[in-house]
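Following: one structure in structure tokens, then a few remarks.
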Amino acid sequence: MTFEQVHEWILPYLPAKPSLILDIGAGSGRDAAALAERGYEVEVVAVEPSANMLMQARIRHPHLRIRWVSDRLPGLSSLFRSGLSFDFILASAIWMHLAPEVRKRAMRKVVDLLKPGGHLAVTPRKGPAPTEQRFYNVNPDETVQSAEDQGVRLIYRQRAQDLLGRQDVFWTHLIFRLGDNGTEALPILRHAILHSDKSSTYKLGLLRAIVRLAGQSPGLARQTSDDSVSVPLGQIGLNWIRIYAPLLAGNLPQTPLNTDREKGLGFSGEPWRRVFSEANSLLFISPGELRAGTVFRGEGALLLHRALKDAIANISKNPAHYLTFPRTGQPVFIVRKNRIASPGATLSINTEYLCPSGHWKSLSPSGKP
């Protein structure tokens, strides 16, 4: 049976050249060879766990544009070490080999290998297994949910009869697409939101603080190179306070363990409690007052300055440090802090105060570090 007979349904979704395609569970190599022959600028990575099958496939298809890799789901550890990402991933007749308890991990790993705008084709199988093989029935709805939980969108679904004529075997053809906003930033955001350790909300809080700066104060960003910008760390710290102060004042902890409002939060020390607690009516500062042009005097100015320093220190050593690129593990944001003098009796929220507190190298519109 030819590649076109089996996989006619994926042909409209195969990428334009040049492209990098992954065939998971390559078996005899038929599909990998057919994909590689689609053009001189197409390269195929064929993954197969069976050493014997891999050897036979290499002999049968000595194709220069096929890279044969010994690896297996759910981990795909060898493939991840390569650092490759793909325009199209074919996981044909492979999902039924995965035990139910590892399928979510397998889907996460596979989607992590997609480029923005890339497509994933999966074929869940339902029906009895041959006596000599161990298959699992796969619910296609479960597969769709598992994929969409990883940030891809279902764009094609079709139930199909078994091409070998088995009346009690059915397949579901599924194609998913990973969105592309025209930049390379989407995988970073997806990695931070879906995969990063979220025992705290600091990483998401940092992203909110950056989005607020981009939306309200874009003029504070400085272009430092073709692919990076620098933004004032002081403004990020101020946005951080504006985000978290109402939550803590409303007794809305970031986790159930933080039932004592500020307890356990790295940025809510004595200065925070003294200026952002409504119980302290003399020194209380509303988050709404933390805007450009506002002037603070006396003890409140000093405490606000210390609270901002605590917020910046927390951002630097926690979310900015641990928010990393999906493959390299390198920090997305490079923090450079400057020493800033105490404001004295008066603190004015302005560019001169916020910018000297430090800039960090951030993402440019191209999404590159």
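Residue separation of ALA292 and LEU163 scaled by 0.36 nm, minus their Cα-Cα distance, works out to 39.7 nm of gained length.
Given the pairs LYS17/LYS203; LYS104/LYS317; LYS203/LYS309; LYS115/LYS317; LYS17/LYS104; LYS17/LYS126, which span a C-alpha to C-alpha distance of over 25 angstrom in this model? Table pairs above 25 Å Cα-Cα are LYS17/LYS203; LYS104/LYS317; LYS115/LYS317; LYS17/LYS104; LYS17/LYS126. Each of VAL211, VAL335 was scored by other Cβ atoms within 10 Å of its Cβ. Arranged with the fewest first, they read VAL211, VAL335.
The order of ILE21, ILE236, ILE334, going from fewest to most other C-beta atoms within 10 Å of their C-beta, is ILE334, ILE21, ILE236.
Which order do THR143, THR346 fall in if you start with the one that has the fewest other Cβ atoms within 10 Å?
By the 10 Å Cβ count, ascending, the order reads THR346, THR143.
Residue separation of PHE170 and TYR13 scaled by 0.36 nm, minus their Cα-Cα distance, works out to 54.3 nm of gained length.
None of the figures in this text is laboratory data; all of them are computed from the coordinates on show. Computed from a predicted model, the values in this text were never measured in an experiment. Counting neighbours? That spans all protein chains shown, and the Cβs are built from the backbone with ideal geometry, glycine included.
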